[in-house]
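Below: one structure, written as structure tokens.
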Amino acid sequence: MTARRQSPGLSYNSCYWIIAAICRYRLQDNAMSYIDGFVIAVPIARKQEYIEHARLGDSVFMDFGAIRVVECWADDVPAGEVTDFRKSVQARADETVVFSWIEWPDKETRDAGMGKMMSDDFNDERMDP
């Protein structure tokens, strides 16, 4: 399932959240982690601004129990014949694609953390600087 979502504070073309999947590798304690992933088109000229904004947002996820937040910037990503990362977010010629994920220790921690962030009374300047 995907949902279209604008990045707060920055007006990017589009962002598709890939709604969570259980990670297929095992942690040291043999538990499975839970992943929220997304793909976003970022204007190349605003890359540093995005990185700074993301670092602030990352700290909120960590405060709510995330293990880590990872961002992967497109490098040597071929164009697909039917679909590809660029097409998935309708990236323009002046944009690059970022694939990012938030790793949570388990689904319960993820649900609690995301529930706090999505609540009507959530207000944290790190998410909308």
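The values are calculated or read from the model by the stated rules, or taken from the named source; none is laboratory data. In this text the structure is predicted, and so the values were computed from the model without any measurement. Heads up, the Cβs are rebuilt from the backbone with ideal geometry, glycines too, and the neighbour counts pull from every protein chain shown.
Name the single residue, out of those in region 81-111 being within 14 Å of ILE67 (Cα to Cα) and β-branched (Val, Ile, Thr), that is surrounded by the most Cβ atoms within 10 Å (Cβ to Cβ). Only one residue tops the list, namely ILE102. Of all residues in region 66-103, exactly one satisfies the criterion of being without any contact (Cβ under 8 Å) to a residue 40 or more places away in the chain and polar (S, T, N, Q), namely THR83.
Scanning region 85-108 for residues that are farther than 18 Å from ILE51 by Cβ and among the charged types (D, E, K, R) returns ARG86, LYS87, ARG92, GLU103, ASP106, LYS107, GLU108. When region 42-75 is filtered for residues that are touching a Lys or Arg at 6+ places or on another chain (Cβ under 7 Å) and among the small types (Gly, Ala, Ser), the ones remaining, listed by number, are GLY57, SER59.
Pick from region 59-110 the residues that are at pLDDT 90 or above and of a type in the set (Asp, Glu): which of them is nearest to ALA41 (Cα to Cα)? In this case the residue turns out to be GLU95.
When ILE19 is tested against (1) more than 22 Å from ASP106 (Cα to Cα); (2) surrounded by fewer than 17 Cβ atoms within 10 Å (Cβ to Cβ); (3) modelled with pLDDT under 50; (4) hydrophobic (A, V, I, L, M, F, W, C), only condition (1) is not met.
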